[in-house]
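Shown next, in structure tokens, is the structure this report addresses.
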Amino acid sequence: MNLNIKNKMAFKEMLAAYLLIAPALVLFLVIGLFTIIFSLGLSFFHMLQGSQVQNAKFAGLDNFKDFLFGGAPVLSEMFRNAIIHNFLIALSMVVFVIPIALILAVLLQQIKRGTKFLRTVFLLPMVTSSVAIYYVWTGIYDPEGSINKLLLAMGIDHFAQLNGWLGELNTALPSIIFMIVWGAVPGTMVLYFAGLQTVDNLLYEAADIDGASAFQKMIHITWPVLKPITVIAVILNINGALQVFEQIWIMTKGGPAGSTQVVNVLIYQEAFVSGDMGRANAMGWTMFLLTFVMSLLSMRAFREKT
């Protein structure tokens, strides 16, 4: 009898749990899953600007061939250049963000006074409106902006950019990368700082007694704790680099002359300027697969070095 009562109570609890998650589940199925499937299906159809879904024509793999294999030469070249820019951003984020964030986290842990103030300063890029930040950086890079004025004040105005740092082919992308790296460091630093708090100080004290150097303590004590965090940081930074959009759109819209064009900006232009939703969705799924593969490769690379 008691067993039946327990079974009934367990059934009621399970039923209540399913009823509570039902709204979110229905919302996901209707909006999330349906949108994903619809987007994938649309990538195999031609859908020109202004046309309706029912007028779309099946294209097979033509949309993918257009930008991947030169079916549309101009678009293919633009996509190739955009991919290169995304990879340059990703490489810069791994090469610069990871070590800078680690160094700052270690220094922040060792500072005994003013840590709250320093944490606030370092975290400002994370809590400030991203759009506001992009407009501030646009002003800094402007022909009459802070950088050119500083160079002028230092008497090295021959380094100043006449059209601004975002208006020159050779400085536009590096300027964008610098801003992206600056914005990505705090988040990664927080991950490392949290990881450092889990290291037992007794281990460092024992290492000091044994005469271990700072480098040896980093390799044998700190790094084993921080390695899983580094895997997460690398994946997050690479994914962020491959998904860059609003920074470029607000600051340069891919210019000048496509020198800062990235794939997501190209997708937006293809979808809402050219109006070819089929190609735009095909590009989107290509980027999804690329991001997924890059994440797997990053995890595998770190696992093999364990």
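Between Phe45 and Ala59, the built amide H atoms are under 5 Å apart, and every one of these is 5 or more places off in sequence or on another chain.
Using the Kirkwood radius over Cα pairs, work out the Stokes-Einstein diffusion coefficient for the chain at 4 °C and 1.567 mPa s, in µm²/s as a whole number. Value of D from the Cα-based Kirkwood radius: 55 µm²/s. Taking the fewest neighbouring Cβ atoms within 10 Å as the starting point, the ordered list for Asp142, Asp210 is Asp210, Asp142.
A cut-off under 13 angstrom between Cβ atoms defines the neighbours of Asn264, and their net charge, with Lys, Arg +1 and Asp, Glu -1, is -1.
Near Leu42, within a Cβ-to-Cβ distance under 15 Å, what is the net charge of the other residues, with Lys and Arg +1 and Asp and Glu -1? Let's see the in-between values first.
Numbers: positive: Lys57, Arg279; negative: Asp62, Asp66, Glu270, Asp276.
Once positives and negatives cancel, what remains is -2.
Report the local net charge at Ala72: Lys and Arg +1, Asp and Glu -1, summed over other residues whose C-beta lies under 11 Å from its C-beta. Local net charge: -3. Taken over the alpha carbons of the stretch 109-253 as equal point scatterers, the Debye sum produces base-10 log I(q)/I(0) values at 0.14, 0.16, 0.18, 0.21 Å⁻¹ of -0.85, -0.96, -1.07, -1.25.
From the square roots a ≥ b ≥ c of the eigenvalues of the alpha-carbon gyration tensor of the stretch 1-127, which class results: rounded (a/c under 1.5), prolate (a/b over b/c), or oblate? Taking the square roots of the gyration eigenvalues as a ≥ b ≥ c, the stretch 1-127 is oblate. Scoring 217-223, 198-204, 255-261, 61-67 by mean Cβ neighbours within 10 Å over their residues and listing the highest first yields 61-67, 255-261, 217-223, 198-204.
Indicate the helices, whole DSSP H runs only, in the chain that combine a mean Kyte-Doolittle hydropathy of 1.6 or more with a Cα extent along their long axis of 15 angstrom or more.
On the way: long enough: 2-27 (38 Å, 0.88); 73-92 (29 Å, 0.94); 98-110 (18 Å, 2.15); 115-127 (17 Å, 1.22); 130-141 (16 Å, 1.04); 172-196 (36 Å, 1.77); 223-242 (28 Å, 1.48); 277-304 (40 Å, 0.62).
Long hydrophobic helices here: 98-110, 172-196.
Mean residue ellipticity, 222 nm, helices only, the chain: the sum of -39500 (n - 2.57) across DSSP H runs of n ≥ 4, divided by residue count and rounded to 500, is -22000 deg cm²/dmol.
Laboratory data are not the source of any read-out in this text; all were calculated from the coordinates shown. Small disclaimer: the values here were computed from a predicted structure and weren't measured. We place every Cβ from the backbone using ideal geometry, glycine too, and count neighbours over all the protein chains shown.
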